[in-house]
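Here's the structure we're looking at; comments come further down.
The values are calculated or read from the model by the stated rules, or taken from the named source; none is laboratory data. All of these numbers come straight from a predicted model, not from anything done at the bench. Here the Cβ is made from the backbone with ideal geometry for all residues, glycine too, and neighbour counts use every protein chain on show.
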Amino acid sequence: MLGQVLFSGLALGSIYGLVALGFVVIFKATEVFNFAQGMLVVCGAFFAYTGIMLLGLPFPMTIVFIVLAAAILGAFIHAFLIQPLAGRSMLSIIMVTIALSIVIRAVLEITYGPQGKTLQTPLPTGIFLVGDLRISQLHLTAALVSWSCMAMFGAFFKFTSVGLLMRATADSHEAAVVSGININVMNRLAWAIGSVLAAVGGLFLGQLQLASTELESIGLLALPAVVIGGMQSIPGAIIGGLLVGLIEQLSATYISPKSSDIFIYVLLMLILMVRPWGLFGQQELGRV
Amino acid sequence: MSTSIVPLQKSNLGLKIIQWGTILAILAYVPIILTDRAIFGIRLSNMQLLNLGLTQINLMLIAMLGALSLNFLTGSAGLISIGHAAFYAVGAMTGAVVGTQLGAPFVLVLLAAAITGALVGVLAGLPSLRVRGLYFVLSTMAVHYIVVFVFSEYQYKFFDVVGVPFNEAQIAGFAFSTPIRWYFFLIATVMAVYFGFKHILNTREGRAMMAMRDQELAATSAGIDVRILRLKAFALSSAVASVAGVLYAYYLTNVTAEFFNIQFAIQFIAMIIIGGMGSLGGSLIGAAIWLLLPSIITGFASQAGVTTGIVQRMLVDNKPQLVQLIFGLLVIILLIFAPGGISGLIKQVRLRWAALWGRS
Amino acid sequence: MNHVLNIEHLSVSYARKGLALEDIHLQVPKGKIVALLGANGAGKTTMIRAISGLLSLHHGQITQGQIHFDGQLINSVPAHRLVRQGMAQVPEGRLIFKQLSVLDNLLVGAAILPRAQVADRLEAVYHLFPRLLERKTQSAGWLSGGEQQMLALGRALIAKPQLLLVDELSLGLAPLIVEAIYKQLVVVGETLGTSMLIVEQNARIALEFADTAYILDRGRIAFNGTADEVKNSDLIKDSYLGTRQTQGTTS
């Protein structure tokens, strides 16, 4: 039993890690705390629904559709909401992402109706037995895909020219401008990537549950994940995600389904009080 | 409600009395209009009354308390918080324990709610001693989830899924049995809170709070203990929000944990941004808009007559979603183009007006 | 005109600080090194920002005049575009990417080059500043001040710019290292034909290596001439540059 819970915790944690990674990419690039990341996860689920059920696309095409739609949405958000507010107070920028989440939620509910929609993807939903353990194939697939995505983006950042320029921009905006980097393009790219990562997470969460705006609160778990792991740290975000997934599953199984929230958020509070830069972050003077 | 526009001159005192007299008279007559659905005997249609009933006005008044307290915290003291729904929950829970379970009189319930709210507020504000800005917002998010969890556990332990019930509110035998009675009580409360905050912001400590918001280093070097000030601001703001919560609970006579979700907390932030952060009058405007939007849309829908397709879906079937959509867009547009909110715009219009008329 | 940089009637103003530069005329001839000297606050950094398109970042704007780079008017060309057009800069404080390796820092500068040229140019920079080769995998934040300066220069030079702008190269560095770096810059000028505009508070060392010099005094050009003219005029040095033997840190 414990093995199973650990496995599903890690599997879900991988999805959270993916969403958290998207969040950190956005944060490192534009220093924006994207409260709408949870809704971008929901968008992913609905893009999947649209692709499969409404447009009748074959599954591979649906994936392409989800990625493109999310990328465009992310770039759009940066161009029209984030860039105009560059240099404004933190409250304004946080508020704009919160307001964005309100707007996206409303648009989704108006377009698709307030009920959740079931996703019917060809993703495997069976179970296979490993000794005593019943491993959910969907969980396994979700974990594998999440890790592949993370690896892919890791490689992108480390080995491509554009990835290098994005890392440079995240390191120092001013140095980037001085070096001839077009900051706005880099930031837009970061938002596109962050949205795509969230959307992929949404695809799996949508298949695991439903495509519905209720997924937002699950998507928002990326926020404590990121803080626990370390806001500016990519490995931190991923490990934070895994931790949150584990805590969620362990508390849901052994204590009660509703108790997971409180463990996660109490841990968040503890980290904020004791080690605000996260488990893997680095203490930076004046940041906190 | 107007705050002073021009420097006071002696001849303005008479003008102010007339202004206030009129405002009070209107405020007193409004509930009568809404209950009778007529003004001075002339019948008014639902449309003309913007589809408003006294219930909605009362809910708006309670929301005003929430907006004012959040504005005090965020707009004046500079602490961003998305935990406001949690403080409503604290108030409701206190009301349930002290009022429903222990049967204490209403006044005591309100007092208890204020005190509990202040205490929880101080606790919630403690992280501000350690972290700032972004991280602090997250701590308020954690506070939200923790408090709502506690409320949920409380609800299921002592009551059931239907919700937590509340007795009828009454003060010294005078029962709040009709919306009109609630109305006058709430108007008095809102005015007390509004002028209370206004007064506080004019004291030395209040101005220190605003200095703290703008330039923390400068405030500290001026000898003000910023940390204690922050906790005080949090305590006061949470106390008022908690009272709003218990009033809300008593008005609805039944609440469940689901009421106090993050979306609810976000409504208040939207209200103060639309109204104008740092402006108390703005909070009132923000809460009023939050109230009026659904009614205006319903009015729109019925005016448009027979509607089909998308329009029908948006205006009628999905009205709450449309309200949220407009609300969110309004926040975004104001943030980008008019960061001072509606009260900021009014101020600009007034300045232009004064300039236009010339000043002798 | 064989000026790579031609500034006429330039006036610059900041939103909060007011007028910073007034009616500036300045030319950088092709292949020459021009020194821009003056006391703290005279407006030297403002000049660099105006040329390289960074004014708006600091709430400033050009209120009058024209800047021509290689014959083209560049008053309102954004900074990143200027880099592509062949203008590189090393700002005050170096501004390297502290968390990236030395190699990555250089590769950022090389991003505008065609793939095929990158390896050769990298080698050229390593040849110029061998210390960078030694430290190529190290995090740039760990380098010494002199090495960071070399890195910033390397990043700027790797794409073979037509014009190099350097702001306060000597700040915080030992005189020996500064001299060594300047010598390398002269080599670059001779081999690649790069023109340079050097902003310096340390007038003595700048004059040793520059061809011509301009002296800024409170937003206006107080003097311009060949470096020799300035070096040999005690009057000029006293009036505008602090003391006779300006050495390291000045006013």
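Considering the stretch A:170-219, and only residues there that are within 8 Å of another protein chain (Cβ to nearest Cβ) and surrounded by fewer than 22 Cβ atoms within 10 Å (Cβ to Cβ), the residue that is farthest from A:Ala45 (Cα to Cα) turns out to be A:Glu174.
State yes or no: is A:Ser259 modelled with pLDDT under 85 and within 26 Å of B:Tyr154 (Cα to Cα)? Spelling it out, A:Ser259 is indeed modelled with pLDDT under 85 and within 26 Å of B:Tyr154 (Cα to Cα).
The single condition among (1) assigned to a helix (DSSP H, G or I); (2) within 14 Å of chain B (Cβ to nearest Cβ); (3) loosely packed, with under 14 Cβ neighbours inside 10 Å; (4) not small (Gly, Ala, Ser) that A:Gln115 does not satisfy is (1). Of the residues A:Ala143, A:Ala151, A:Ala155, A:Ala79, which single one is touching a Lys or Arg at 6+ places or on another chain (Cβ under 8 Å), more than 11 Å from every other protein chain (Cβ to nearest Cβ), part of a helix (DSSP H, G or I) and not polar (S, T, N, Q)? Result: A:Ala79 is the single residue among A:Ala143, A:Ala151, A:Ala155, A:Ala79 that is touching a Lys or Arg at 6+ places or on another chain (Cβ under 8 Å), more than 11 Å from every other protein chain (Cβ to nearest Cβ), part of a helix (DSSP H, G or I) and not polar (S, T, N, Q). A:Ala170 meets the stated requirement of being touching a Lys or Arg at 6+ places or on another chain (Cβ under 6 Å) and part of a helix (DSSP H, G or I).
Matching residues to (1) at pLDDT below 90; (2) of a type in the set (Phe, Trp, Tyr); (3) touching a Leu at 6+ places or on another chain (Cβ under 6 Å); (4) not in a loop (DSSP other than H, G, I, E, B):
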| position | (1), (2), (3), (4) |
| --- | --- |
| B:Ile272 | no, no, yes, yes |
| B:Gly305 | yes, no, no, no |
| B:Leu315 | yes, no, no, yes |
| B:Leu356 | yes, no, no, yes |
| B:Arg359 | yes, no, no, no |
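If you go through the stretch A:85-101 and pick out every residue that is at the interface with chain B (Cβ under 7 Å from one of its Cβ atoms) and among the β-branched types (Val, Ile, Thr), you end up with 3.
Which residue out of A:Leu129, A:Leu133, A:Leu138 is surrounded by fewer than 20 Cβ atoms within 10 Å (Cβ to Cβ) and without any contact (Cβ under 8 Å) to a residue 12 or more places away in the chain? Give the steps one after another, and end with the answer.
Numbers: A:Leu133 fails: without any contact (Cβ under 8 Å) to a residue 12 or more places away in the chain; A:Leu138 fails: without any contact (Cβ under 8 Å) to a residue 12 or more places away in the chain.
The match here is A:Leu129.
Residue check: is B:Gly163 at positive phi, facing chain A (nearest Cβ under 10 Å) and not aromatic (Phe, Trp, Tyr)? So B:Gly163 fails the test.
For the stretch A:226-245, check the following and say yes or no: at least one residue is over 14 Å from A:Gly13 (Cβ atoms), touching a residue at least 24 places away in the same chain (Cβ under 8 Å) and of a type in the set (Gly, Ala, Ser).
Step one: filter the stretch A:226-245 for residues over 14 Å from A:Gly13 (Cβ atoms), giving A:227, A:230-234.
Those still in the list that are touching a residue at least 24 places away in the same chain (Cβ under 8 Å) too: A:227, A:230-234.
Subset that is of a type in the set (Gly, Ala, Ser): A:230, A:233.
Looking for residues that are over 14 Å from A:Gly13 (Cβ atoms), touching a residue at least 24 places away in the same chain (Cβ under 8 Å) and of a type in the set (Gly, Ala, Ser), one finds at least one in the stretch A:226-245, hence yes.
Of the residues in the stretch A:144-151, at least one is more than 30 Å from A:Val185 (Cα to Cα) and out of contact with any strand residue (DSSP E or B) (no Cβ under 9 Å at 6 or more places or on another chain). Residue count for the stretch C:105-121, restricted to those that are among the basic types (Lys, Arg) and within 14 Å of another protein chain (Cβ to nearest Cβ): 1. From the set of residues in the stretch C:67-85 that are buried (at least 19 other Cβ atoms within 10 Å of the Cβ) and not small (Gly, Ala, Ser), which is nearest to C:Glu22 (Cα to Cα)? So, considering only residues that are buried (at least 19 other Cβ atoms within 10 Å of the Cβ) and not small (Gly, Ala, Ser), the one nearest to C:Glu22 (Cα to Cα) is C:Ile67.
In this structure, B:Ile289 does not satisfy being facing another protein chain (nearest Cβ under 9 Å), buried (at least 18 other Cβ atoms within 10 Å of the Cβ), in a helix (DSSP H, G or I) and modelled with pLDDT of 85 or more. Take the stretch A:223-274 and flag every residue that is within 12 Å of chain B (Cβ to nearest Cβ), within 20 Å of A:Leu40 (Cα to Cα) and among the aliphatic types (A, V, I, L, M). Within the stretch A:223-274, A:Leu223, A:Ala225, A:Val226, A:Val227, A:Met231 meet the criteria.
Residue-wise test of (1) crowded, with 21+ Cβ neighbours inside 10 Å; (2) within 14 Å of chain A (Cβ to nearest Cβ); (3) more than 13 Å from A:Ala168 (Cα to Cα).
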site: C:Met87; (1), (2), (3): yes, yes, yes
site: C:Ile96; (1), (2), (3): yes, yes, no
site: C:Leu103; (1), (2), (3): no, yes, no
site: C:Glu123; (1), (2), (3): no, no, yes
